[in-house]
Amino acid sequence: MENFVKQADCQSRAICILGMHRSGTSTVASAVNLMGVHLGEAAKMMPATQANAEGYWEHLEIYDLQLRLLERMGWDWDVSEPLPAGWVQSEAVRPFKEELARIVATNFGGHSLWAWKEPRTCILMPLWRETLEKAGTKLACLFVVRNPVDVAGSVMRRDGVPFNKALGIWFHYNIVALKDAAGLPTVFLSYEQLLESWEPELRRCAAALDLDWPKDEARFRDTMNAFIQPGLRHNRSSADRLQGLPAPVQELYKILIAASSLPVYDHRFAETINRLSKEFHDYAGFFPNELKILGRELEKASAKEKRWDLSLPAPAPKLPQRLFGKKFCRSLCKRLAKAYCWFHP
């Protein structure tokens, strides 16, 4: 199989492991690391938690930067609306560009091949493309795909996010990642297929990304077989549950699954992706919110060539939070989510 990333093309190569929260990106990042790709020093990696006992495989400095960047602009990880056009060129983002450049140089500068995984990258890809281009680093993507029903169910159980809201987040992350990664060498990987038959799937991805297969195949195979445990196969939905999803979610998922069957993605679905992205932005315009206010501020600042101040007053807490407190309301949401999952398996 001919790959699309040649080692001699550049001095440094980076692989971005893309995928929505709860899509299996941690499992994929672990596998990539076992294949010899540098993810960062162990002391700087996010420790495992009860929500992800096998580990997150995320660099803490990258996680912290992207978390603070979203907070600075009044967003959070669960945003399901498109971000304002041109956000990456705002003055408020400039310090984060400089910080990201330092993080890359300090943690990955001495490595010819490295990778990172942090789900917020799906909606922050323009920042990375600009930074790595300036650093002379060749970028490719490993795009992890998982059934949106399972993703939404997992997010609902973990965070108390309503099911339809979680579907919106899934759609947002995936359609934006597809658009913003356009033109980059990209290979897609189905999480479900990885769990069913990890070796041929990883070999396909390794060939496309020009990754060396581990020399000690027996040891690598034993480690992977121990890592891909039956417990990772929870939250698997039947095909009929997909039929009840919104049409755009179904259409986007079909594209992602089709792309996951290709040896090398050839951007054959670009026209459909562009249409879904345009419709997503068009329909979002019917529901003005703080992001639209930010977008208008950006347009005004761009027109007047003035600094764009992204700071907004914190929204007033909702009535239940006023009465019972945020902690109680979050706990209640999680309990309701678990109850929903019990009655809607």
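Where a number appears in this text, it was derived from the coordinates with a stated rule and is not lab data. Bear in mind the structure is a predicted one, so any value in this text is a computation, not a measurement. As a convention, Cβ positions derive from the backbone with ideal geometry for all residues, glycine included, and neighbour counts pool all protein chains shown.
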- Message: Give me the one-decimal nm value for the distance between modelled label points at N274 and R241, 7 Å along each residue's Cα-to-Cβ direction.
- Response: 3.5
- Message: Based on Cα coordinates alone, diagonalise the gyration tensor for segment 108-234, multiply each eigenvalue by 5, take square roots, and list the semi-axes in whole Å, largest first.
- Response: 26, 24, 12
- Kindly put R120, R157 in sequence by how many other C-beta atoms sit within 10 Å of each C-beta, fewest to most. R157, R120
- Set the Förster distance to 25 Å, then compute FRET efficiency between W213 and Q11 from the Cβ-Cβ distance, nearest 0.05. 0.60
- Most exposed to least, judged by fewest other Cβ atoms within 10 Å, M35, M20 sort to M35, M20
- Note on the structure: The percentage of Cα-Cα pairs in segment 10-119 separated by more than 24 Å is 29
- Message: Could you tell me the relative contact order of segment 7-312? Use alpha-carbon pairs under 8 Å, at least six residues apart, and round to a whole percent.
- Response: 26
- Message: To make sure I understand, if each residue's beta carbon is the centre and we count other beta carbons within 10 Å, what order do E201, E91 fall in, fewest to most?
- Response: E91, E201
- How long are the three semi-axes of the equivalent ellipsoid of segment 7-312, in whole Å, if each is the root of 5 times an eigenvalue of the C-alpha gyration tensor, listed from largest down? 30, 24, 18
- DSSP-defined antiparallel bridges as percent of all bridges, segment 7-312, nearest 5: 10
- Long pairs among K44/K97; K134/K165; K97/K138, criterion Cα-Cα beyond 25 Å: K134/K165
- Message: What does the extension gain come out to for L34 and D266, with contour length at 0.36 nm per residue minus their alpha carbon separation?
- Response: 80.8 nm
- Subtracting the Cα-Cα distance of L67 and N164 from 0.36 nm times their residue separation yields 32.6 nm
